[in-house]
């Protein structure tokens, strides 16, 4: 049975979200620090993108300088998001970082009206307020809690909301490969600045994937979870509404947490209180966009 355009777009988004959910696992497995992960992730991802274009004998679209700068700036925001996200993974648990990322759709609902100059829905505000005590309740269920890991996770979710809204507003200006190429350049150059500083005062083993496992994990992260996942996301977003996109993106923490529980046995670090609050947060994140879709 052949999928419709919308059905294919939904499938692409779900595959992309599953791959994004795996990035936290890889971030925990890779031994180098958060800034180095972002730098090498983009180094290899840009390489894969250039090889793809060369293999298919395609050129990147010509863009005006303002559009290039806009995509480059979005890339800088993505870099900041990844710094915070991998910092959260390193300082805390994978599950904590991913639960924080579950707040992205709610942050999106709050900031989208300001960026796109739309009227804010009061229900968005009330739902966001309702989630706040659940987060506090969730924190109480984490043994050996690390505040900085949690704070970086929330900042990562906020930055993810910002760049997702900006990406949605920028769709259609060029093809997906050119779109992500300029964003990836923004990430790469932005991450190269602190990377250059760290190379002067940090040992190579925390900055460069020297062992075989780190290199393999980094290549998987760069190709499948970056090059492929971003292309699928950009193509999928063109045929799916913003609300439905947020609904699908809300599944990312669920995928990642399930993998973390089995791979790292993180259930040892959490009480029943954590899981109860986490399920409530994920439930709101998944069900609220459905409510929005039915009340548009």
Distance in nm between pseudo-label sites at residue 68 and residue 128 (7 Å out along the Cβ direction from Cα): 3.5
Potential lengthening between residue 228 and residue 4 on full extension [0.36 nm per residue; Cα-Cα distance subtracted]: 78.5 nm
Inter-site label distance for residue 171 and residue 216 at 7 Å from Cα along Cβ, in nm: 3.7
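Using 1/(1 + (r/R0)^6) with R0 = 25 angstrom and r between the beta carbons of residue 239 and residue 263, what's the FRET efficiency to the nearest 0.05? Don't skip to the end; give the middle numbers.
Details: r = 33 Å, r/R0 = 1.34.
Working from the Cβ atoms, E equals 0.15.
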Diffusion constant of the stretch 19-58 at 37 °C, which comes from Stokes-Einstein with the Kirkwood Cα-pair radius and 0.692 mPa s, µm²/s: 286
Packing-based exposure ordering (other Cβ within 10 Å, fewest first) of 217, 86: 217, 86
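Quick check of the Kirkwood formula: for the stretch 1-133, what is the inverse mean of 1/r over all pairs of different Cα atoms, in Å? Working shown, then result.
Working: mean 1/r = 0.0552 Å⁻¹.
For the stretch 1-133, inverting the mean 1/r across all distinct Cα pairs yields 18.1 Å.
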The stretch 190-244-the stretch 47-73 distance, computed between alpha-carbon centres (Å): 17
Ranking of 30, 228 by count of other Cβ atoms within 10 Å, fewest first: 228, 30
Estimated inter-spin distance, residue 11 and residue 118, nm [label 7 Å along Cα→Cβ]: 2.8
Gain upon complete extension [residue 54, residue 280; 0.36 nm per residue less C-alpha separation]: 76.6 nm
Residues 238, 28 arranged by fewest to most Cβ contacts within 10 Å: 238, 28
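Run lengths n ≥ 4 of DSSP H only: what is the helix-derived mean residue ellipticity at 222 nm for the chain, with -39500 (n - 2.57) per run over all residues, to the nearest 500?
Working: 13 runs with 226 residues, N = 296.
Value at 222 nm, helices only, nearest 500: -25500 deg cm²/dmol.
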Average Cα contact separation per residue, the stretch 5-294, under 8 Å, 6 or more apart, as relative contact order %: 41
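Since every read-out is calculated from the coordinates, none of them should be taken as a lab result. Computed from a predicted structure; not experimentally measured. Counting neighbours? That spans all protein chains shown, and the Cβs are built from the backbone with ideal geometry, glycine included.
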